[in-house]
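The values are calculated or read from the model by the stated rules, or taken from the named source; none is laboratory data. Since this is a predicted model, take the numbers as computed values, not measurements. A quick note on method: Cβ atoms are made from the backbone with ideal geometry, for glycine too, and the neighbour counts reach across all protein chains shown.
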C-alpha cells in the first residue's frame, strides 16, 4: 500500500469528524418583530426565502411581535437578541435604565400619521379642532400628542383624544366613531383603503422628529455578536435594495410564504413595502448606505422629545445609535 493510500482513510476520517462542526458553525440569532406581519418585515422574510441568511452563515429565528415597546423590553431583558422596532422609543428607554441601542435604521424619516377620510379637507394640525382622534395607549404617538396639538394652537380641550385597546383601534376608526386614527403611515394607510379610504396628515409637517423602524440590541450583544450582527445588517441592506430596485413583488411573496396562516393581502403588503421605502431617507441620510443613521436626525429627535416633556434630561446620541456595523 502506498503512502497515498494510507493517508486517504485518515483524511476521510478527519473530514467526517469535521462535518458536524461545519453544520453547526452557523451563528444563530433571534430577531423579534414589532407586531403581527406587515410590510416593514419583508426584508427579514425575503432574506430567508432567498437564502441570504444561509449565505451569510446565519440561522435567523424571525418572531412576530406584540408591539415595539414589548419587543424592546424582551431585547433589553436578553430574551431575544435583536428587535426590529420604532427607534424613537429608545431615548425614553435609555433614560429608564435600558441598555439597548440601534445598530441599523431603515425607515429613518418620521412616519407617524393621523388618518382621516380621503375626501376630508383636513390637511394640518389646526384643522382637527373639535374632532375626535383614536390611538392606543402604548402607541409611539402617546408622549407626542400634546406637543403635536400645540403646533396647531390646540390642546385636549379642543380635540378629543380617545385611548383604546389595540384590538379595538381599527374597529373604532372604520366604524367612523372617530374622525382620525393616529398610527404610522406605512402600516395604516394601505389597510384603511378598503374599509375607509383615507389620506394622512403627517406628524413631520408639524415638526415632530421620530426615527422609525430599525434594529436594536443590547450593548452586551453588540459586543459579543458584532460579527454576526454585521452580517445580519448586510442581508437586510441587500433585501431592501432588491425591493427598492424593482423586487417588491418578491418581497410580498416571501411574506406570504413565511406567514401562510396570517391571511395577508397581497395588495396591502405591496403598498406597505412601497411606503416603507418612500420613508427610508431624511435629507441627512440621502446617498448613505441603507441602515446608516445621521447624528443630525438623532439630535433633532432628542430636542423634540425634550420639548414634548418626554425626557427629563438630554439623551446622549452615542447611547442611542451606532453605525459601526454598517458597511
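Remarks
- If the condition is being in contact (Cβ under 8 Å) with a residue 60 or more places away in the chain, outside any helix (DSSP H, G or I) and surrounded by fewer than 20 Cβ atoms within 10 Å (Cβ to Cβ), then the stretch 36-55 contributes 36, 50.
- Residue among 281, 297 that alone is out of contact with any helix residue (DSSP H, G or I) (no Cβ under 9 Å at 6 or more places or on another chain), part of a loop (DSSP other than H, G, I, E, B), within 28 Å of residue 199 (Cα to Cα) and in contact (Cβ under 8 Å) with a residue 40 or more places away in the chain: 281
- Whichever residue in the stretch 20-35 is at pLDDT below 95 and surrounded by 10 or more Cβ atoms within 10 Å (Cβ to Cβ) and, among such residues, is nearest to residue 191 (Cα to Cα): 35
- The combined condition, being within 17 Å of residue 35 (Cα to Cα) and either in contact with a strand residue (DSSP E or B) (Cβ under 7 Å, 6 or more places away or on another chain) or not assigned by TED's automatic domain parsing to the domain that holds residue 61 (or both), is not fulfilled by residue 178.
- Of all residues in the stretch 114-126, those that are free of Cβ contacts under 8 Å to residues at least 60 places away in the same chain have Cβ atoms under 8 Å from Cβ atoms of residues that are in a helix (DSSP H, G or I), 6 or more apart or on another chain, in 121/127.
- Here residue 244 fulfils each of the conditions (1) free of Cβ contacts under 8 Å to residues at least 60 places away in the same chain; (2) exposed (fewer than 14 other Cβ atoms within 10 Å of the Cβ); (3) in the same structural domain as residue 93 (by TED's automatic domain parsing) apart from (2).
- Residues in the stretch 127-181 that are touching a residue at least 24 places away in the same chain (Cβ under 8 Å) and at positive phi: 130, 153.
Residues checked against (1) surrounded by 15 or more Cβ atoms within 10 Å (Cβ to Cβ); (2) modelled with pLDDT of 95 or more; (3) farther than 20 Å from residue 65 by Cβ:
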{"site": "170", "(1), (2), (3)": "yes, no, no"}
{"site": "180", "(1), (2), (3)": "yes, yes, yes"}
{"site": "198", "(1), (2), (3)": "yes, yes, yes"}
{"site": "217", "(1), (2), (3)": "yes, yes, no"}
{"site": "221", "(1), (2), (3)": "yes, yes, no"}
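- Condition check for residue 237: under 22 Å from residue 102 (Cα atoms) and modelled with pLDDT under 95: no
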